[in-house]
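This report refers to the structure that appears directly beneath it.
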Amino acid sequence: ANKIYVDGFFRSDVDGAYAGNGLKEPVKCSDVAPDSWQNSGYTCQFYASRMSWDCHFSETWTEEQLCRQTCFNEGYGYSGDDCSAGWVALNFEGYICDVKADAVGATVRLSTSSSCNAPFTTLLNPAVWNADPPANVLQALQFSVLRPGVLLLLASPQKCDLGTIVHSDSEGEAKFYALEKRLELVENTLEKPASSGSWMGGQCPTVPRSFLNEKTCRLLPGCMPVGKQKLRVELNTSTLAKFFNVGGRYVYAATKLRTSTSPCGTASRWQELNCATATCSASQLSTAEADAVKQGLDAAAAQGWLRDVDLECADVPAGTVIELNSKFYQHVHQDEYNVYDFTDWVEQHPGGASKITQWKDKGFLLEFPSWHSMERWESGLATDVIRPGYVGKLGSAVEFQMMPQPLQTEALATALGAEMTGEDFAEVCGSPGEVANDPTLGHQLLFKHGGTDDWNFDSSYETTWGVDRWGRSAIWIMQGMYAEDQLRQRVAWALSQIFVCSTTGAGHGDKTELWLNYYDIFVRNALGNFRDVLREVTYSPVMGDYLTYRRNRAYDHSNYFPDENYAREVMQLFTIGLWKLNPDGSKALDSNGEGIPTFTNEHIMNFARVFTGFDEQVRRSNVEDTGSGNKIDPMTMKVDWHDKYPKPDLDGNFLGDLYPLCDDLPSGAFLSQGAQYRFLGHSVDSEIGVLHLRSSSALHLALCGSSGPCRYSLTVKLPATLPCDGNECSTNTLKIVNVSGALYEYLPPPCVDLFFFTGQVTRWGGRAFSWRKECRDPKTLVAGTACCAGCKNRTTGWMDRNG
């Protein structure tokens, strides 16, 4: 008998007697066109691509069996027809292009073309049949019937020898059944986070630690070992090529940007010129202005060929060229040679995707068109899409964890040199409500998983139009109408009308889980406190997309002022509104009888600095695939992106005023009752500052968890104040301790450092250009260079030229 293989796996034998596969013997079908077509000289084949409605719905066509063969060939055969050559006579190797339904007798179209181009071979879907079934196929198994033709295995066999085909009489008549792989989601809740015992491979499901789950995280076998050393990524064209070849991301350095802004009084960028290809001629500047530029460039010498400097000058034009140490440097646009992830811009570029994708074949250096106005780069849609994908400056090194989230994949980490072999234990954290799916409930609604969508539902719908949007509305309606906690459901609905998010702006209209997860913020906190609602909404990646503050960065990091969208709406729409109110809810008035605004534009600008540094967590599995990152877990805060300066509140004070000063914390606080420690693993980037505990130390015993071999815990809270031992007694500031090879981080209580201080003037010495003065905090340790064999005292070339 002929055999059918799909992707190299045996699926069924072909029964030449037309009994085992559930199909009748094919017949030769007529192909008579309507009279009007024949009178005009047209055949059924001529109109083949336009006749689907007639084959499906025309009563006249069905009654007269018009174009019977062509209707079948196009996949719209009349009920009961098999106009194919049949599986028995088929000798074919190619591709499955279309299966009309998940049922025996449904139309199947095959092609020898991988892109499924005509001509097609059309047949009917055969039932699974085995001419000579082995013992493992015929073994007795326990099934339940989900729906006709679909069984659920109730218990695993004693001997795990199942193949992809079984034989069962669960539906009465004995039939063969083929394994149908279904999506499996494991339980990954706060109470039972997924570990290596429940997760069977694929992309890691471990949820990053956040304020939502940190109290329930555990130290268990898992896929993301703690203590993994930080990976620094050199931003060069080789790395940009890996971003595309491994990660499929279009990451380029932007070049040929034009500037008309003077470098004076702001951050400016200077590029070393290649005199073999560029005209090297110094611009005419006053001696004082030229000296200021040279001093700034010399102080930034460590940056190499592309230097960022702050200049104290008054009249240096944009594009100035300066000569320094026989080399020429030109002032360029502040974004020149910045590296960005342009992948999202590929789909949104007005001129088409090819205008952006072409640069992967041109050295990954994107050239800004000379005919475009610079406004297209510095404002508008391009900046909203491109700027959040900022990676760093070409030629610099960035930490892997500080790159935009879509670039932080395990495959890219490995390609960039990370060693993914970790220790035995991982920090395993769960997510609220992330339960396992129940196969006994069947496949009822669409769930995106990164592969081909499965439209073959276990329930019948009159139409599948818009089915990708049914999930969130159907689940919400059922919960809202029938859940037993009706008060909670109604309060959640009210809160969702205040903290509004929409597919218009945030996108993802065809997804379900991310929207239900966002709505669950209000369900969880409906009977709690408002602060928790506000915090979860602020950290939500859905809200971060909707109000455009995801990947919002401090001015120091991006040279652009932070996005003000969320800072405005969090006050105007989510909390205090536009006008101050009296206790009775009426509008408060000033002495002139005018309303008193609750905030000003200055407040918005200050609060915009608060909402900097947010980015999505790393992508993981066990959740619906969005194709664009992690839209489920609370966003992470990237310290390098966050504005570090003091931020005034609405009342003339500063955020953080109520916290104690870090300087006021008692000496030895790390030994006090309630002091907290977090396990870091067995490796650290640098041993500097690591305190090695002696085995005689009471702190060592508390963190080790045993007087014998250590039994480490993920977090440790000291139950009582401990005596100091050895170096602990003279330690004032503690960050990391080594406990018999394991590392713990000390988590000090929340406190603040004063940004301003009564400083002392210090000077920079050594090889730095001149002796630069700097105001320093007297409490900061400052060291210089000691040259035991004597120091060189040579002047620089610039000093020689200037006497």
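Below 8 Å between Cα atoms, with a sequence gap of 6+, how large is the relative contact order for region 25-153 in percent?
Values: 173 pairs, mean separation 23.2, N = 129.
It comes to 18 percent, rounded to a whole number.
Amide H of G392: which non-local residues (sequence gap of 5 or more, or other chain) have their own amide H closer than 5 Å, using H built in the peptide plane?
V339
Once you keep just the Cα pairs under 8 angstrom separated by 6 or more residues, what percentage relative contact order results for region 399-477?
Reported as a whole number, the value is 19 percent.
Please work out how much length the chain gains when fully extended from A314 to S683, using 0.36 nm per residue of separation minus the C-alpha to C-alpha distance, in nm with one decimal. Mind dumping the intermediate values first?
On the way: separation 369, 0.36 × 369 = 132.84 nm, distance 4.99 nm.
Result for the pair: 127.8 nm of gain on full extension.
Quick check of the Kirkwood formula: for region 511-659, what is the inverse mean of 1/r over all pairs of different Cα atoms, in Å? Intermediate values should be presented prior to the final figure.
Numbers: mean 1/r = 0.0582 Å⁻¹.
Result for region 511-659 stands at 17.2 Å.
What are the ³J(HN,Hα) values, in whole Hz, obtained from phi via the Karplus relation 6.51 cos²θ - 1.76 cosθ + 1.60 with θ = phi - 60°, for each residue of region 708-720 in sequence order, with x given for Gly and Pro?
So the Karplus estimates, Gly and Pro as x, are x, x, 5, 10, 6, 10, 5, 10, 9, 10, 5, x, 8 Hz.
Pulled fully out, how much extra length does the chain show between N653 and L534, if you take 0.36 nm times their separation in residues and subtract their Cα-Cα distance? List each step's numbers first, then the result.
Values: separation 119, 0.36 × 119 = 42.84 nm, distance 2.13 nm.
Length gained, N653 through L534: 40.7 nm.
How big is region 646-731 by the Kirkwood estimate over distinct Cα pairs, in Å?
Working: mean 1/r = 0.0644 Å⁻¹.
For region 646-731, the Kirkwood estimate is 15.5 Å.
Inverting the mean 1/r over all pairs of different Cα atoms, compute the Kirkwood radius of the chain and quote it in Å. Please report the intermediate quantities before stating the final value.
On the way: mean 1/r = 0.0304 Å⁻¹.
Answer for the chain: a Kirkwood hydrodynamic radius of 32.9 Å.
In angstroms, what radius of gyration and Dmax does region 105-158 have, counting Cα atoms only?
When restricted to the Cα atoms of region 105-158, Rg and Dmax are 17.1, 48 Å.
Would you please put 402-414, 131-143, 521-533 in order of how densely packed they are, using the mean number of other Cβ atoms within 10 angstrom per residue and starting with the highest? Don't jump to the answer; show the numbers that get you there.
Details: 402-414: 19.3, 131-143: 12.8, 521-533: 16.1.
Final packing ranking: 402-414, 521-533, 131-143.
Remind me, relative contact order of region 512-599 in percent, using alpha carbon pairs under 8 angstrom and six or more residues apart? If you can, show how the numbers build up before the last one.
Values: 63 pairs, mean separation 12.3, N = 88.
Once divided by the residue count of region 512-599, the mean separation gives 14 percent.
Expressed in nm², what is the orientationally averaged projection area of the convex hull enclosing the Cα positions of region 529-596? Write out the running numbers ahead of the final one.
Details: hull surface 27.4 nm².
That works out to 6.9 nm², a quarter of the Cα hull's surface.
Where only protein heavy atoms count, and the probe is 1.4 Å, what is the accessible area per residue for the chain in Å²? Let's see the in-between values first.
Working: 45160 Å² over 803 residues.
Heavy-atom accessible area per residue stands at 56 Å².
Using modelled amide H (1.01 Å from N, peptide plane; none on Pro or chain starts), what sits under 5 Å from the amide H of D615, excluding residues fewer than 5 places away?
The answer is R551, T636, K638.
Stokes-Einstein D for region 465-566 at 20 °C, 1.002 mPa s, Kirkwood Rh over Cα pairs, in µm²/s? It would help to have the intermediate numbers written out before the result.
Values: Rh = 15.0 Å.
The calculation lands on 143 µm²/s.
How would you order 98-111, 544-557, 585-598 from highest to lowest mean count of nearby Cβ atoms within 10 Å?
Working: 98-111: 16.4, 544-557: 21.8, 585-598: 10.2.
Averaged packing, sorted descending, gives the order 544-557, 98-111, 585-598.
Report Rg (one decimal) and Dmax (nearest whole number) for region 209-317, counting Cα atoms only, units Å.
Values for region 209-317 (Cα only, Rg and Dmax): 22.3, 67 Å.
Taking amide hydrogens as modeled 1.01 Å from N in the peptide plane, which residues meet the under 5 Å criterion relative to Y252, leaving out close sequence neighbours?
The list, which skips near neighbours in sequence, is Y340, F342.
Determine the calculated [θ] at 222 nm for the chain from helices alone, applying -39500 (n - 2.57) to every DSSP H run no shorter than 4 residues and normalising by the residue count; nearest 500 deg cm²/dmol.
Numbers: 23 runs with 168 residues, N = 803.
Result for the chain: -5500 deg cm²/dmol, rounded to the nearest 500.
Give a residue-ordered list of calculated ³J(HN,Hα) values for region 549-560 (Karplus: 6.51 cos²θ - 1.76 cosθ + 1.60, θ = phi - 60°; whole Hz; x for Gly, Pro).
Values per residue, Gly and Pro as x: 10, 5, 6, 5, 10, 5, 4, 4, 8, 10, 6, 10 Hz.
How far apart, in nm, are two points set 7 Å out from the Cα along the Cα-to-Cβ line at K24 and at S591?
Those two pseudo-labels are separated by 9.7 nm.
At 1.4 Å probe size, put Y744, Y712, Y177 in order of accessible surface, largest to smallest.
Values: Y744 0, Y712 60, Y177 25 Å².
Correct descending sequence by accessible area is Y712, Y177, Y744.
Can you pick out the pairs among K256/K393; K587/K647; K393/K647 whose Cα atoms lie more than 25 Å from each other?
Numbers: K256/K393 15 Å; K587/K647 28 Å; K393/K647 28 Å.
Correct reply: K587/K647; K393/K647.
Using the Karplus curve 6.51 cos²θ - 1.76 cosθ + 1.60 with θ = phi - 60°, work out ³J(HN,Hα) for each residue of region 450-458 in order, rounded to whole Hz, and write x for Gly and Pro.
Karplus-based 3J(HN,Hα) across region 450-458 equals x, x, 5, 4, 9, 9, 8, 7, 8 Hz.
Within 10 Å, count the other beta carbons around each residue, average over each peptide in 112-121, 470-479, and list them highest first. Don't jump to the answer; show the numbers that get you there.
On the way: 112-121: 12.2, 470-479: 15.3.
The peptides rank, most packed first, as 470-479, 112-121.
Quick check: residue separation of R258 and L527 times 0.36 nm, minus the Cα distance between them. What number comes out in nm?
91.3 nm
Kirkwood Rh, Cα Rg: Rg to Rh for region 23-130? Write out the running numbers ahead of the final one.
Values: Rg = 14.3 Å, Rh = 14.6 Å.
Expressed as Rg/Rh, it is 0.98.
For region 321-474, compute the orientation-averaged projected area of the C-alpha convex hull (one quarter of its surface), in nm². Let's see the in-between values first.
Details: hull surface 69.2 nm².
For the Cα atoms of region 321-474, the hull's average projected area reads 17.3 nm².
I'd like the FRET efficiency for D102 and A288, computed as 1/(1 + (r/R0)^6) with the beta carbon distance as r and R0 of 56 Å, rounded to 0.05.
Values: r = 80 Å, r/R0 = 1.43.
After rounding to 0.05, the efficiency reads 0.10.
Jot down the radius of gyration and Dmax of region 372-453, Cα atoms only, both in angstrom.
Taking only Cα atoms of region 372-453, I get Rg and Dmax of 20.2, 60 Å.
Among the listed pairs K294/K327; K242/K362; K3/K24; K192/K638; K448/K631; K181/K511, which are separated by more than 20 Å between their Cα atoms? If you can, show how the numbers build up before the last one.
On the way: K294/K327 11 Å; K242/K362 14 Å; K3/K24 18 Å; K192/K638 28 Å; K448/K631 13 Å; K181/K511 22 Å.
The pairs that break the limit, which is 20 Å between Cα atoms, are K192/K638; K181/K511.
What's the center-to-center distance, using Cα atoms, between region 527-594 and region 598-658 in Å?
11
From the Cα gyration tensor of region 279-337, with a ≥ b ≥ c the square roots of its eigenvalues, which class applies: rounded if a/c is under 1.5, or else prolate if a/b is larger than b/c, or else oblate? If you can, show how the numbers build up before the last one.
Numbers: a/c = 1.26, a/b = 1.22, b/c = 1.03.
Because its axes are fairly even, with a/c under 1.5, region 279-337 counts as rounded.
Relative to the compact-globule scaling 2.2 N^0.38 Å, provide the ratio for the alpha-carbon radius of gyration of region 34-92.
My calculation over the Cα atoms of region 34-92 gives 1.21.
Using the Kirkwood radius over Cα pairs, work out the Stokes-Einstein diffusion coefficient for region 330-388 at 4 °C and 1.567 mPa s, in µm²/s as a whole number. Let's see the in-between values first.
Numbers: Rh = 12.3 Å.
Answer from the Stokes-Einstein relation: 105 µm²/s.
May I ask for the equivalent-ellipsoid semi-axes of region 437-502, computed as the square root of five times each C-alpha gyration tensor eigenvalue and listed largest first in whole Å?
Taking √(5λ) for each eigenvalue gives 27, 15, 11 Å, largest first.
Would you kindly work out the equivalent ellipsoid of region 74-163 from its C-alpha gyration tensor and give its semi-axes, the square roots of five times the eigenvalues, largest first in whole Å? Walk me through the numbers before you get to the answer.
On the way: eigenvalues 203, 52, 34 Å².
That gives 32, 16, 13 Å for the three semi-axes.
The values are calculated or read from the model by the stated rules, or taken from the named source; none is laboratory data. All values derive from a computational prediction rather than experimental measurement. Glycine also receives a Cβ, built like all others from the backbone with ideal geometry; neighbour counts cover every protein chain displayed. For the accessible areas, the whole protein counts, side chains as well, though only heavy atoms, and no ligand, DNA or RNA atoms are used. Shrake-Rupley method; radii C 1.70, N 1.55, O 1.52, S 1.80 Å.
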